[in-house]
There are 2 protein chains.
Amino acid sequence: MNQDYIVPDNWSIIEEGFDAERVKSSESLFSIGNGAMGQRANFEESYSGETFQGSYIAGIYYPDKTKVGWWKNGYPEYFAKVLNAPNWIGIDIVINGEMLDLAKCMVHNFRRELNMKEGWYSRTFQATLQNGIEIKANVTRFLSLTADELGVINYEITPLNRAAKIEYRPYVDGGVKNEDANWEEQFWEPLDVQHEGNQGFVTARTFKTHFNVATFMHNTLFLAGRELEILPAAVDAGKDKVQFSYVVEVNPNETVTLQKFGGYTVSLNHDNDKLVEAAKNVIADARAKGYEALLEEQKRAWAAIWEMADITIEGDVKAQQGIRFNIFQLNQTYLGKDPRLNIGPKGFTGEKYGGSTYWDTEAYCIPFYMATKDQQVARNLLTYRHNHLQKAIENAQKLGFSNGAALYPMVTMNGEECHNEWEITFEEIHRNGAIAYAIFNYTRFTGDHSYIPEKGLEVLIGIARFWHQRATYSAQRNKYVILGVTGPNEYENNVNNNFYTNYIAKWCIDYAVEQIEKVKREYTADHDRIMKLASLDADEIKQWQEVSGNMYLPYSEEHGVYLQQDGFLDKELVKVSDLDRSQRPINQKWSWDRILRSPYIKQADVLQGFYFFEDHFTQEELERHFDFYEPYTVHESSLSPCVHSIQAAKLGRMEQAYTFYLRTSRLDLDDYNKEVEEGCHITSMAGTWMSIVEGFGGMRVKDDALHFEPRIPQQWKGYSFKVNFRNQVLKVSVHREETVFNLEGDKELTVYVNGKPVTVEPNTLVTV
Amino acid sequence: MNQDYIVPDNWSIIEEGFDAERVKSSESLFSIGNGAMGQRANFEESYSGETFQGSYIAGIYYPDKTKVGWWKNGYPEYFAKVLNAPNWIGIDIVINGEMLDLAKCMVHNFRRELNMKEGWYSRTFQATLQNGIEIKANVTRFLSLTADELGVINYEITPLNRAAKIEYRPYVDGGVKNEDANWEEQFWEPLDVQHEGNQGFVTARTFKTHFNVATFMHNTLFLAGRELEILPAAVDAGKDKVQFSYVVEVNPNETVTLQKFGGYTVSLNHDNDKLVEAAKNVIADARAKGYEALLEEQKRAWAAIWEMADITIEGDVKAQQGIRFNIFQLNQTYLGKDPRLNIGPKGFTGEKYGGSTYWDTEAYCIPFYMATKDQQVARNLLTYRHNHLQKAIENAQKLGFSNGAALYPMVTMNGEECHNEWEITFEEIHRNGAIAYAIFNYTRFTGDHSYIPEKGLEVLIGIARFWHQRATYSAQRNKYVILGVTGPNEYENNVNNNFYTNYIAKWCIDYAVEQIEKVKREYTADHDRIMKLASLDADEIKQWQEVSGNMYLPYSEEHGVYLQQDGFLDKELVKVSDLDRSQRPINQKWSWDRILRSPYIKQADVLQGFYFFEDHFTQEELERHFDFYEPYTVHESSLSPCVHSIQAAKLGRMEQAYTFYLRTSRLDLDDYNKEVEEGCHITSMAGTWMSIVEGFGGMRVKDDALHFEPRIPQQWKGYSFKVNFRNQVLKVSVHREETVFNLEGDKELTVYVNGKPVTVEPNTLVTV
């Protein structure tokens, strides 16, 4: 834990002081991104200390050859890796002949700030070099939201104790490697290096996937605030790198500034042969606006995001900082403009896990994006899966399924499976359920009934077919069973009849059938088109229903609870609170087999089902299941505390809900799991948002209406959030005594507060 | 399948004709070994075609860094690899300036013979080189059984169509690599190269394990049968290789011969600084005897082995060849002289799997060695595990066990675990039972009751402690359960209450308690010593008994069978015979998850328990379980057919027993699994022996007496085998009408044939 390191602040993440041991952690926390690209908070100048260099471009990946100890039939041959992209931020700096390197200087007054409100990252420090010169530096960097191929660096240096010859050597470099490569392969093939005046370009292509990328830079120098009309004093162009040299004589206390515009133009968006041209256009536009205007534009763009997505918390700075950090990172990672992209588990902050898309998107992220952005964004996320339907069908075929059964991959970049643990890849099939659930959830929330006939129904059919085939008939039970799965709780592998999986499988079939009937009634042409396309007939649907109508759900009469899986009650049921502290976290202290045979739950499993299908169960049932399972839950997944926070709040257990909330919201800032140096936990950040809106705010959608059951942790004076509900924005402000609604829109909205209808007129405060 | 490739022959393995596609397979089949070293049947001369070069030294291994896709807590960091050893067999041959290379010549009359009776391997061929010269070659190689550091090659060349300048370039080379290396590391560090006259020495040391090995050679030349008193014409000595050149002018139809003595002296047996000296002694002894005498000695040594171990089969050459190949390979692999060694799954025929010791040794190999060798050999195999007890305790500690609980590794070279699949390494714990069972089996067979008080009891206590801790109490069953295991059937992973595991666990505790009591009564001093050493008291034993007395065994009342594991009856019970042929073998055709949730059984599981504990069950129970499980068994492990053959014979189903027998005995010769190029399946060869002796012969030991229920497959006229029973050798010859016993020994023996006592006097044929 890192609890007191990041300076508490309502709007910024702040680090004060230079600690070489923390450089990698801070590189993660201070990462910036604009949905299209991003990078860790690596220093621009050379740094010989421990660092994890990482720049990433959305949608650009590499299929790294699978590495396993023992091959299992069905493993994918390749693993889609998040790819470390060419570096455009680098600026070597030589001062009076000595390379500036914070690992080799005396560093004073080091400070980082990630200004989340305005969307920029800055670093200031003073350094005394080995040659005795003292300088002050002030570096600001941001990735433009409005021109998302553009990044901007403003690097100011002021010599303090004597005049200095300062050489800036900005470069772009395609010779990068992944930290996380299986076979030490090169991922990038350099194609071309060009330079012209103050502009440099490196074009490279990924091996195998053949994404072409032009990485570019443009440099301008200022002395004492005035632009120097100079060209590089020298140019060093290699096969995958181009570096300029600018030398400026600077008086003491005079400030020299390099402004570097850089970024990527990529073949996802431009023709291969137009990449440099496109880059020149980006530079020309940026030059025309200039640094100050670009920064103003950036502030306005982030203000627009916050206007919709902000959550305020009164009386608890750390909680406020935590939730804003979560919202900020989600928006840095994915803005929803492009249905080819998705939300990687580390976003642009690291490369661990690989792939960009997990069931996290559907189970955790969609509610956030649905409520804080235009509903097209959530629709784009659904479309992403629709675009991958054929791949999901092929994925199921590889495992022996047929007739259009679709199994969405556990991890993917392009629709193909790229994970390779058998117990996850082949068995954690409940992910398929979340993809269907997201379609349901989107429709329920947005009221957009057009997505299902247009696209969603094909996905629902493929998923229903999968479950129909995957369930098998047990003669001894005269029921359908689902054998050999891993549920959401990954501390159990290859279990039979995981309640969550069986339940969602049954639900998927029932929902698909219901939607087929609805589409038949309301969108007949679509119905006929899809039934034909899918070669689906009434007989097959009847077979599905035979399975869903006779699905086995393990239940304990003694405890009055559904069992996480067959045999759960054979375990030694010692509660987490009775475990010696020295044994935790069990994923670090225990061997894998011991974890597996223990009752301990990594993240909500049965309770995940109760979260998704809350309306199917009574409050008493929820309470009984929560009281049965939570005591065995170790919350060692970043996705665990949020669901429990929501359920604890629903059960009126606010102290517990608040504890879970803190754990989810400051997971990375306080480095609970001692691993933030690998990157931030992006997808679970959406769970933090849910903890407040669905947990404390008690927001639900029922019968096309918003419901709230507002509660407030005693640590807080108040909190507020906004929800885009069917193209009107409702702001909800909760205080201990009252809840205030304010509607930005044009037609009145009836919401339900603790079950009672409240009519909210547009632009009129309503206090309840 | 390769069914008609190897020429049927009672005593030899013969290949006729040169087929480059089969070189790697034949390299496996024609491998030679002498228990201390061995190598694949690689050509001595250079060969540029596809080949798998492999020479191995018993007990010399390398801890290769573990390679896995996803790390699980508890994985061993290193994997003990069977190490490709320096090459002493190499002889480059240059004929009239052209390198002899069978990939580049016309090859005629190519023939290999592995003479199992006499223990040598020969290769003859004629070759027409690109320069037009035709030669005949005749190469014999053997590894001395009597001087087990010595190998001998006799390489004769006869030019056929013109005179030739023949250059032999014999070498020893330490610059070898493993086919199977995780990280492309070098395993050998060269230390020293020496040469002196016709002798050359390369000393090298393994990295990390620091085994030192001197690889040596001595060369003598003969022309037309007369020794040439020559020294090398040239010597090429590098850092890890020394190569001599001998040039001889040879007339047409005149034969030149290089005799090369070579081999290894190793630091397991000599001081590091005496290795070359020891090698010189080996050479001097060999020189003193000469090639012919060495070959005679070899024939006598193998005759002595066959005298004891041979099984004859009348009327079925393929069956005869099969069983002799199995017996021969077992004896090439392990001769039982050294308790530091064990029986690797590939012997000296390949390097796949790594490690040398699996539960195969205890479950399959010990009965063979016990019956066909001095009983000290089996005792050495038991002692091997006693020597590793401390490591087994540490291995259990790594998984969270304590108080001297011992878990023997799944795979090992030095007692440490070196396998790394969680479902095997951590879960296939039934192996511990086989180690206790072997102690029981050894004592039952040999009547040697001294091993247990001297060594075995400590092992039994460590194992009992493991099971006591590993079983957990299930409140719902009021029984002890064993969760999260993999049974012998590796097509099930992480199952609960595998019958075989639970049964053998219970048995291990009961047997340990019984033996503690027996030792207390009969070896009081040992008892007190061991109880003190193990800090074991009566209270703890009572706790063990609480577990063994209340062990849960899954049982189906409906089917009247013990269940392989909890939930087995939830599977879709489609018999193997109802599976489409195109679906098999399922381990090649199906994804791993599909295999796991199928009912299909890789090798005997419940039936392995019925094999070990036959006396605990009635014939009717055996029949019921055989009829229930065998139809779901795919026999995709080399260890499967033998157990089923024995049980089918016991049930009087001779046709089925014979089919299983053929499958086990010619598995490699006929390459059933299309993988013999990787090496032979050595350990399962002992199962072939059991199929005849225990299966057809029906041999058992009960109450200190041998019992037989002789049966004969209708394809055979007769068969015979010998058994060393308590230091007397009983030969059993079975024909359709009669069984003949012949006892080599000095005191009469009462055996039971089909339950009736038969007294056999020494050296007197007794016909029943």
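The values are calculated or read from the model by the stated rules, or taken from the named source; none is laboratory data. No experiment lies behind these values; they were computed from the predicted model shown. Don't worry about glycine lacking a Cβ; one is built from the backbone with ideal geometry, like all the others, and counts go over all protein chains shown. Just the protein is used for accessible areas: all its heavy atoms, side chains included, with ligands, DNA and RNA removed. Shrake-Rupley method; radii C 1.70, N 1.55, O 1.52, S 1.80 Å.
The table below lists the values:
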read-out	value
Of the criteria (1) at pLDDT 95 or above; (2) within 14 Å of chain A (Cβ to nearest Cβ), which one B:Ile14 fails	(2)
Among the candidates B:Glu21, B:Glu50, B:Glu27, B:Glu44, residue that is away from every other protein chain (no Cβ under 14 Å), open to solvent by 10 Å² or more (accessible area, probe 1.4 Å) and either part of a loop (DSSP other than H, G, I, E, B) or in contact with a helix residue (DSSP H, G or I) (Cβ under 9 Å, 6 or more places away or on another chain) (or both)	B:Glu50
Sole exception among (1) touching a Gly at 6+ places or on another chain (Cβ under 6 Å); (2) open to solvent by 60 Å² or more (accessible area, probe 1.4 Å) for B:Thr664, by number	(2)
Boolean, A:His449 is under 24 Å from A:Lys702 (Cα atoms), in contact (Cβ under 8 Å) with a residue 12 or more places away in the chain and either open to solvent by 10 Å² or more (accessible area, probe 1.4 Å) or within 14 Å of chain B (Cβ to nearest Cβ) (or both)	yes
Residue count, the stretch B:378-410 (criterion: under 19 Å from the mean Cα position of the chain (by Cα) and either surrounded by fewer than 19 Cβ atoms within 10 Å (Cβ to Cβ) or not in a helix (DSSP H, G or I) (or both))	4
Flag for A:Val676 being β-branched (Val, Ile, Thr), under 30 Å from A:Phe440 (Cα atoms) and buried (at least 16 other Cβ atoms within 10 Å of the Cβ)	no
The stretch A:564-581 residues that are more than 12 Å from every other protein chain (Cβ to nearest Cβ), paired with ones that are of a type in the set (D, E, K, R) (beta carbon under 6 Å, 6 or more apart)	A:Gln564/A:Asp605
Matching option when the condition is on the phi > 0 side of the Ramachandran plot and either free of Cβ contacts under 8 Å to residues at least 40 places away in the same chain or assigned to a strand (DSSP E or B) (or both), among B:Asn73, B:Asn109, B:Asn138	B:Asn109
Subset of the stretch B:54-88 that is in contact with a strand residue (DSSP E or B) (Cβ under 7 Å, 6 or more places away or on another chain) and among the polar types (S, T, N, Q) - its residue that is nearest to the other protein chains (Cβ to nearest Cβ)	B:Thr66
Close pairs (6 angstrom Cβ cut-off, 6 or more residues apart or separate chains): within 20 Å of B:Arg141 (Cβ to Cβ) in the stretch B:233-262, of a type in the set (S, T, N, Q) and surrounded by fewer than 22 Cβ atoms within 10 Å (Cβ to Cβ) anywhere	B:Thr255/B:Thr158; B:Gln259/B:Asn154; B:Gln259/B:Thr220
Spans of strands (runs of 3 or more DSSP E) in the stretch B:671-742 with at least 3 residues closer than 23 Å to B:Gly322 by Cβ	B:718-725, B:728-735
Residue check for A:Arg111: in contact with a strand residue (DSSP E or B) (Cβ under 9 Å, 6 or more places away or on another chain), open to solvent by 10 Å² or more (accessible area, probe 1.4 Å), among the charged types (D, E, K, R) and more than 14 Å from chain B (Cβ to nearest Cβ)	yes
Hits in the stretch B:646-660 - residues which are within 13 Å of B:Glu623 (Cα to Cα) and part of a helix (DSSP H, G or I)	B:Ile646, B:Gln647, B:Ala648, B:Ala649, B:Lys650
Number of the exception - B:Arg470 against (1) in contact with a Leu (Cβ under 9 Å, 6 or more places away or on another chain); (2) away from every other protein chain (no Cβ under 14 Å)	(2)
Residues of the stretch B:722-768 satisfying the condition of being open to solvent by less than 70 Å² (accessible area, probe 1.4 Å) and within 21 Å of B:Gln656 (Cβ to Cβ)	B:Val734
Matching residues in the stretch A:483-493 - criterion: being buried (at least 24 other Cβ atoms within 10 Å of the Cβ), under 14 Å from B:Asp593 (Cβ atoms) and within 9 Å of chain B (Cβ to nearest Cβ)	A:Gly484, A:Val485, A:Asn493
Members of the stretch A:441-461 found to be under 26 Å from the mean Cα position of the chain (by Cα) and assigned to a helix (DSSP H, G or I), listed by number	A:Asn441, A:Tyr442, A:Thr443, A:Arg444, A:Phe445, A:Thr446, A:Tyr451, A:Ile452, A:Lys455, A:Gly456, A:Val459, A:Leu460
Qualifying residues in the stretch B:415-446 (those that are touching a His at 6+ places or on another chain (Cβ under 7 Å) and within 23 Å of B:Gly74 (Cβ to Cβ)) - the one farthest from the other protein chains (Cβ to nearest Cβ)	B:Gly415
Which listed residue is closer than 23 Å to A:Ile601 by Cα, free of Cβ contacts under 8 Å to residues at least 12 places away in the same chain and among the acidic types (Asp, Glu), from A:Glu558, A:Glu490	A:Glu558
Residue under evaluation B:Phe79, criteria (1) open to solvent by less than 50 Å² (accessible area, probe 1.4 Å); (2) assigned to a loop (DSSP other than H, G, I, E, B); (3) in contact (Cβ under 8 Å) with a residue 40 or more places away in the chain, criterion not met	(2)
Test: residue in the stretch A:546-559 that is under 23 Å from A:Asn497 (Cβ atoms), away from every other protein chain (no Cβ under 14 Å) and open to solvent by less than 10 Å² (accessible area, probe 1.4 Å)	yes
Only listed residue being open to solvent by 60 Å² or more (accessible area, probe 1.4 Å), in contact (Cβ under 8 Å) with a residue 60 or more places away in the chain and of a type in the set (S, T, N, Q), chosen from B:Asn212, B:Asn272, B:Asn281	B:Asn272
Scan of the stretch A:603-652 for residues that are open to solvent by 20 Å² or more (accessible area, probe 1.4 Å), out of contact with any His (no Cβ under 8 Å at 6 or more places or on another chain) and either within 14 Å of chain B (Cβ to nearest Cβ) or among the polar types (S, T, N, Q) (or both), ordered by number	A:Thr618, A:Gln619, A:Glu636
Complete set of residues in the stretch A:150-189 that are at pLDDT 95 or above, of a type in the set (D, E, K, R) and either open to solvent by less than 40 Å² (accessible area, probe 1.4 Å) or assigned to a strand (DSSP E or B) (or both)	A:Glu156, A:Lys165, A:Glu167, A:Arg169, A:Asp173
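Conditions tested, residue by residue: (1) open to solvent by 10 Å² or more (accessible area, probe 1.4 Å); (2) touching a Leu at 6+ places or on another chain (Cβ under 9 Å); (3) over 20 Å from A:Tyr369 (Cα atoms); (4) modelled with pLDDT under 95.
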site	(1), (2), (3), (4)
A:Glu417	yes, yes, yes, yes
A:Trp422	no, yes, yes, yes
A:Glu427	no, yes, yes, no
A:Asn496	yes, yes, yes, no
